[in-house]
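Some notes on the structure that comes next.
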Amino acid sequence: MSSKITVGIFIALLFGLAVLNLAAPKRTFSANENRYLQQIPSLTLQTILDGKFTSGFDDFITDQFVFRDKWVGMKTGSELLLQKHASNGVYFANDGTLVEMFDSIDMERFNKNLDFIRAFQERVRDGLGLETQVMLVPTASMIYAHKLPAFAPEIDQRALLDQAAAIPDFIDVSPALAAHSDDYIFYATDHHWTSLGAFYAYNAWRGQNGLPARSFEDYDTEFLSSEFYGTTYSKASLYMVAPDIITAFYPKDTGVLNVDYNMGEKVTDSFYERSYLDVKDKYSVFLNANQSLVRIKTGHTNGKKLFLVKDSYANTFAQFLLSDYEEILVADLRFFKTSIYDFIAENGVTDIMILYNLKGFAADANVYFLTT
Amino acid sequence: MVFSSLNFLFIFFPLVLLVYFIAPRKLRNLILFLFSLVFYAWGEPIYVSLMLFSTVVDYVHGRLVDKYRGNKAAKAALISSVVINLALLGVFKYSDFVVASINGAFGLTIPQPNLPLPIGISFYTFQTMSYTIDVYRGDAKMQKNIISFGTYVALFPQLIAGPIVRFQTVAEQLNERRETPDMFSEGIRRFIAGLGKKVLLANNIGMLWTQISALAPGDMSVLGAWLGIVAFAFQIYFDFSGYSDMAIGLGKMFGFTFLENFDYPYISKSITEFWRRWHISLGTWFREYVYIPLGGNRHGLGKQLRNIAIVWILTGIWHGASWNFAVWGVYYCILLIFEKVFLLKYLEKMPAVISRIYTLLCVLIGWVIFAFDDLGAGLRYTSYLFGGSGVPFVNDRALFALTSNMIMLILLVIGSTPLPHRLSQRFLAAAQDKTFTRAALSNVVIVFIFLISVAYLVDSTYNPFLYFRF
């Protein structure tokens, strides 16, 4: 009797799920996991022989499995029961924030990158009489260190910042960020800082330049999205976290913008590219993801022209700089392969800023292009 | 295809069950054979021909051996079968290794053939060889029906990662077997236990080994190194024994009884005992078809030690075509000989704790040799274990790995002992008293493990089978 019950239950489970799976409608996108799901692969002699059909079919069954989100949630629950503290390079911080690990570094590259900056600073100072400010932004794993699990094997970002502080005109924003370490200054599901984090850093920058601090009253804010799931969410596959909110800060004093991507490839009047709000990669709403060169003309007529060399952290930061310059030229060295020196000389630049996040900077292989 | 895939669980498996149990008894071997071919071809659409070739070769040789029984021709057929099987194995598994070794030794640059390893070739060639040998020795009857013989070779439960089922074990079952609800439900329990071992335990702890083995020397610590190799030891045990459980369970559902392949190896009190408990079917194979034919222990200690050495070098190389596996075999050969001539009698007198620690230490060092194809890397890792190469005793990384995996490690330790099995047996015995609630409750655990395993498979980023490379 007992045996037959076991057999009955198992057969019911096996066939029940098998039939449900056949019957269930197929989906194209999982909002929960924030990714596209595998569709049924094409069946040809070629795909059978090279194994593409079978491996694609395996993924298809897995991705389209009935009640997929419930299963994934069940796994998440059991991972939490097991008291796991991290997964796939992402910490589970004690308030539910998913923080990217910064647990290894190529010191040789980091030092070289600092040297490239020094060399660049000297060259533009000697040749063009321009100063270059440098901002390396510590990541969430330093600022949110108090939220991380015990013994988190972190690189000492403080030591890296101290080392970088030897560079002329280095702006250390870590005290400003640390002062707000319980605020929403980094996304809970992404490795970037929020507009609020960038705002505090911006005030630190103003302080260093002898400018008065700004207050929230100087901005109109707008919730661009309250459904943002970012990179750490995808990596950790821990699907019990609330989505992030992306906020825009519009300085009240900038006037009408003219934003030109890659020398006329696209011209618009907004700092934000809203089409990204409908897709997975919502952080790209700032400055239209990472473009080779963006030329922003503001309503100011102060004659100040900033050349900003940056990674994606600066895409959030730059919305605050709209208050300070008549024109901002934003270059991403991963794509911008023209001679930087010549470009600065030819474009009547008055100020230069280099802005990276510390982790990205330490691993970036393109800082070398500064010296071209 | 692998058992721990949704594809197998919810498409292949229901289909084969349905067709198998609807079909008349006469057709059941044919059905298993055909489904097994699909199972294999799913991952190896081309090499399935190789398996069929090996099947036909041994079918024919078995008939020849039987026809010329007592004759020199029978022996010739036997030798021919062994040569062909070993040649298959040699070409597809060892050709790169042999060429690379020759190039290295003589400074030559003979191009390597770079043949991809056919899944399960080490298992099915050993099985087909066992058939011809069993028939030659009269341990089993020749199988006239090529479909039944093909079923034996291709039988999907044990096809790609064992246990290595010797022909004599299943010869009768191939012709006559009874599938019963009792066997089926036992099979279900066994299969789900294996699935859980593989998906929930092995995969989980495997990630820890993957992380630690990839660490830069500067991030290594003594504690971290031990954690890493312990993680590997758990991974390979739960991975492989889980696969064997699934194979044995599936076999039961179709009316087959395979022999056990693992018997809680990590509770052993000597290396000698460990190898009676680890991958039993391989040990038995080498004993039956190599060690005993060589004379075993019947011609004095000297010959016996020689025979042990031959068996263990072969065992090592069977596990993989690179030098570290040969060294691994020699390592165990030395330990086993040492125990045989000297240590064993002392180990038996010592407190169990000490002999167990000794055994586990030896096994863990063995896994280091096993885990690194590059012998130099293995040596370096060994030095970390003992604080060499200037690594600190402990660092944050190791403490983080330890705290993050603490519950999992406790579960793994308990899972390596007979305790869970004993508890479940006691519970099942209690369930026999016909109270419905107990019977139902005993199924709750099974269903729970099954569902959680499915959940991990639905969201699987890491699901390798270690013994696939063999």
Quiz prompt | Residues satisfying the stated conditions in region A:323-368, i.e. farther than 13 Å from A:Lys310 by Cβ, in a strand (DSSP E or B) and in contact with a Phe, Trp or Tyr (Cβ under 9 Å, 6 or more places away or on another chain) | solution = A:Asp351
Exercise. Kindly check whether there is at least one residue in region A:23-33 that is at the interface with chain B (Cβ under 7 Å from one of its Cβ atoms) and among the polar types (S, T, N, Q).
Key: no
Self-check item: Only listed residue being modelled with pLDDT of 90 or more, assigned by TED's automatic domain parsing to the domain that holds B:Ile79, part of a helix (DSSP H, G or I) and of a type in the set (Gly, Ala, Ser), chosen from B:Ser49, B:Ser36
Solution: B:Ser36
Self-check item: Residues of region A:276-320 that turn out to be under 16 Å from A:Trp193 (Cα atoms) and in contact with a Phe, Trp or Tyr (Cβ under 9 Å, 6 or more places away or on another chain), as a count
Solution: 19
Quiz item: What are the residue pairs meeting all of these: first residue in region A:7-21, first residue more than 9 Å from chain B (Cβ to nearest Cβ), second residue surrounded by 17 or more Cβ atoms within 10 Å (Cβ to Cβ) and modelled with pLDDT of 90 or more, Cβ atoms under 7 Å, and 6 or more apart or on different chains?
Solution: none
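Residues checked against (1) free of Cβ contacts under 8 Å to residues at least 40 places away in the same chain; (2) away from chain A (no Cβ under 14 Å):
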position	(1), (2)
B:Phe8	yes, no
B:Leu17	no, no
B:Lys26	yes, yes
B:Leu50	no, yes
B:Ala77	no, yes
B:Ala87	yes, yes
B:Tyr94	no, yes
B:Val99	yes, yes
Practice problem: Looking only at region A:111-131, decide whether some residue is acidic (Asp, Glu), touching a residue at least 24 places away in the same chain (Cβ under 8 Å) and surrounded by fewer than 16 Cβ atoms within 10 Å (Cβ to Cβ). | Solution: yes
Exercise. Kindly establish whether A:Gln83 is surrounded by fewer than 21 Cβ atoms within 10 Å (Cβ to Cβ), part of a loop (DSSP other than H, G, I, E, B), within 13 Å of chain B (Cβ to nearest Cβ) and not hydrophobic (A, V, I, L, M, F, W, C).
Key: yes
Practice problem: Give me a count of the residues in region A:280-314 that are within 20 Å of A:Ser339 (Cβ to Cβ) and in a strand (DSSP E or B). | Solution: 9
Quiz item: Within region A:34-45, can one find any residue that is over 29 Å from A:Glu154 (Cβ atoms), in contact with a helix residue (DSSP H, G or I) (Cβ under 7 Å, 6 or more places away or on another chain) and not assigned by TED's automatic domain parsing to the domain that holds A:Leu17?
Solution: no
Exercise. Go through the residues of region B:188-209 one by one and say whether even a single one is part of a helix (DSSP H, G or I), in contact with a strand residue (DSSP E or B) (Cβ under 9 Å, 6 or more places away or on another chain) and farther than 29 Å from B:Ile46 by Cβ.
Key: yes
Practice problem: List the number of the failed condition for B:Phe256; all other conditions in (1) aromatic (Phe, Trp, Tyr); (2) at pLDDT below 95; (3) assigned to a helix (DSSP H, G or I); (4) assigned by TED's automatic domain parsing to the domain that holds B:Ala429 hold. | Solution: (3)
Exercise. Could you list, in sequence order, all residues of region B:212-221 that are away from chain A (no Cβ under 11 Å) and more than 23 Å from the chain's Cα centre (by Cα)?
Key: B:Ile212, B:Pro217, B:Met220
Quiz item: Out of curiosity, is B:Phe21 closer than 30 Å to B:Thr180 by Cα, within 14 Å of another protein chain (Cβ to nearest Cβ) and of a type outside the set (Val, Ile, Thr)?
Solution: yes
Quiz item: Which helices (runs of 4 or more DSSP H) sit wholly inside region B:373-432 and have at least 1 residues that are within 13 Å of another protein chain (Cβ to nearest Cβ), out of contact with any Gly (no Cβ under 6 Å at 6 or more places or on another chain) and of a type in the set (Val, Ile, Thr)?
Solution: B:396-404, B:406-415
Exercise. Need at least 3 residues that are of a type in the set (Ser, Thr, Tyr) per element, so show me which helices (runs of 4 or more DSSP H) inside region A:145-259 make the cut, counting only ones lying wholly within it.
Key: A:195-208, A:231-236
Self-check item: Subset of region A:30-85 [of a type in the set (A, V, I, L, M, F, W, C) and farther than 30 Å from B:Val38 by Cβ]
Solution: A:Ala31, A:Met74, A:Leu80, A:Leu81, A:Leu82
Quiz item: Does region B:158-211 hold any residues that are charged (D, E, K, R), in contact with a Gly (Cβ under 8 Å, 6 or more places away or on another chain) and within 10 Å of another protein chain (Cβ to nearest Cβ), and which are they?
Solution: B:Glu186, B:Arg189
Quiz item: From the list B:Arg166, B:Arg190, which residue is touching a residue at least 24 places away in the same chain (Cβ under 8 Å) and in contact with a Phe, Trp or Tyr (Cβ under 8 Å, 6 or more places away or on another chain)?
Solution: B:Arg166
Practice problem: Output the number of the condition that A:Leu130 fails; it satisfies all remaining conditions of (1) within 14 Å of chain B (Cβ to nearest Cβ); (2) assigned to a loop (DSSP other than H, G, I, E, B); (3) farther than 19 Å from B:Phe400 by Cβ; (4) not polar (S, T, N, Q). | Solution: (1)
Quiz item: Could we say that B:Ile317 is without any contact (Cβ under 8 Å) to a residue 12 or more places away in the chain, assigned to a helix (DSSP H, G or I) and within 26 Å of the chain's Cα centre (by Cα) here?
Solution: no
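The values are calculated or read from the model by the stated rules, or taken from the named source; none is laboratory data. As the structure is a prediction and not an experimental result, all values here were calculated from the model. Neighbour counts run over all protein chains shown; Cβ positions are idealised from the backbone, glycine included.
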